[in-house]
1. Among the residues of region 361-411 satisfying the criterion of being part of a strand (DSSP E or B) and among the aromatic types (Phe, Trp, Tyr), which is nearest to ALA134 (Cα to Cα)?
2. Just a yes or no: is a residue in region 156-167 surrounded by 20 or more Cβ atoms within 10 Å (Cβ to Cβ), touching a Gly at 6+ places or on another chain (Cβ under 7 Å) and among the aliphatic types (A, V, I, L, M)?
3. Checking VAL353 against (1) buried (at least 24 other Cβ atoms within 10 Å of the Cβ); (2) within 28 Å of ARG144 (Cβ to Cβ), which single condition isn't satisfied?
4. Find the residue count for region 114-136, including only residues that are surrounded by fewer than 21 Cβ atoms within 10 Å (Cβ to Cβ) and either within 14 Å of HIS360 (Cβ to Cβ) or in contact with a His (Cβ under 6 Å, 6 or more places away or on another chain) (or both).
5. With the condition kept exactly as written, say whether any residue in region 137-150 is without any contact (Cβ under 8 Å) to a residue 60 or more places away in the chain, crowded, with 24+ Cβ neighbours inside 10 Å, on the phi < 0 side of the Ramachandran plot and not in a loop (DSSP other than H, G, I, E, B).
6. State whether one or more residues within region 221-231 are surrounded by fewer than 20 Cβ atoms within 10 Å (Cβ to Cβ) and without any contact (Cβ under 8 Å) to a residue 12 or more places away in the chain.
7. Please specify each residue of region 274-325 satisfying the condition of being aromatic (Phe, Trp, Tyr), touching a Leu at 6+ places or on another chain (Cβ under 9 Å) and either outside any loop (DSSP other than H, G, I, E, B) or over 24 Å from ASP243 (Cβ atoms) (or both).
8. Let me spell it out: the conditions are (1) part of a loop (DSSP other than H, G, I, E, B); (2) modelled with pLDDT under 95, and GLU127 meets all of them except one. Which number is the exception?
Amino acid sequence: MIRHSKPLALPLALTLAFAAGSVFAQAGQTVKIGFIDPLSGPFANVGQNQLKGWQFMAEQLSKKNPAGVKFEIVAFDNKGSPQESLTVLRAAIDQGIRYVTQGNGSGAAAAISDAVQKHNDRTPGKEVVFLNYAAVDPSLTNERCSYWHFRLDADTSMKMEALTSYMKDQPDVKNVFLINQNYAHGQQVSRYFKDTMARKRPDVKIVGDDLHPLGQVKDFAPFIAKIKASGADSIVTGNWGQDLTLLVKAANDAGLKASFYTYYAGVSGTPTALAAGVGGPVRQVGILDNSMASVVAFQNEYKKRFNDDWYTGQTYNGIALLAEAMAKAKSVDPVKVAAAMSGIKFMGFNGEVEMRKTDHQLQQPMVISEWRKATAKFPYSVENTGFNFQSIKAIPSFIASTPTSCQMKRP
């Protein structure tokens, strides 16, 4: 349960934008957002954290936003299953919920996006908008793009452009082992790394490329043994949740000396495994880290309330996007709000961002960060370990931006 408190300090530009907002007819209305993600099963710790993150940001931005609306998060457990996602999506729609969000698993995201498109085609007047906050399969904003789908996170290809823009300048990166979950995201991390690094550093060798079942491996020791035998100096992985936590534990147990290049090392459970020891630097590509000034107030308040870490910046940008679009549309009607969101520029926690009109992929700056001991300058303690992620390279939006093949059909 979120308890009420004084509003946190918002980024200055957003504060000014909110202050300048007018009061419209929708002011005072409550906008419900259906949260659809695993709240049970192997990835429940991640889903529970992100649910709290959405609730936390809904409360914070309900206190002051340009549309004058209130946001409420309604939770639905999809158990990580695309099929269950469709069942709970129907339940949310039946409850009158017109905005839904999901992020953990591109298979579930694709199912939701397709179902929302079909629902909206068949039932005009009851349209639903899908905010995808973490499912990063590029196809969702390319060949499978939908007008009603808006992605808040950078997709796999964008993150790989950012990550390899850093890796290409690291002379110690020579032999790379790829290990990923065997579903769309993991397969694409492997493919995009090979394609992108061949263009930027053709001398880098791929000494291993393994895919494993999603959420089913209990012991990664055989994989680590294979990595050690390969002579890899670097590991690139898009793994998240227990699949990264257990991989790190196995690497530590085996005394592996290699650098980790990750997408999701900051996600629940993995930082504690990292703090137990790892044989080389651990780096992450993402839209935030613990040393960013715009993150400090939010992560400190979140830690104070939940003894947990706020690492999903998309929760902020998602609520801010809706608030700005509702103010622009002077309405909470999904049809009007979707039209306002398409192409909108607004102030996110990480600066000005743009919901690209052609494919509804958010364009935003990213950062490469490294797992380091907390310092007087950066004192935040992730999972109470005494460590945190600190910025080592800022990536402007245009560096990571990738083209789209989306041929969007608009209402």
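1. Going through the qualifying residues, I end up with PHE389.
2. Taking every residue of region 156-167 in turn, none turns out to be surrounded by 20 or more Cβ atoms within 10 Å (Cβ to Cβ), touching a Gly at 6+ places or on another chain (Cβ under 7 Å) and among the aliphatic types (A, V, I, L, M).
3. Unmet condition: (1).
4. The number of residues fulfilling the criteria is 1.
5. yes
6. Looking for residues that are surrounded by fewer than 20 Cβ atoms within 10 Å (Cβ to Cβ) and without any contact (Cβ under 8 Å) to a residue 12 or more places away in the chain, one finds at least one in region 221-231, hence yes.
7. PHE298, TYR316
8. Looking at each condition in turn, GLU127 falls short on (2).
The values are calculated or read from the model by the stated rules, or taken from the named source; none is laboratory data. Keep in mind it's a predicted model, so treat the numbers as computed, not measured. Ideal geometry is used to build each Cβ from the backbone, glycine not excepted, and the neighbour counts take in all protein chains shown.
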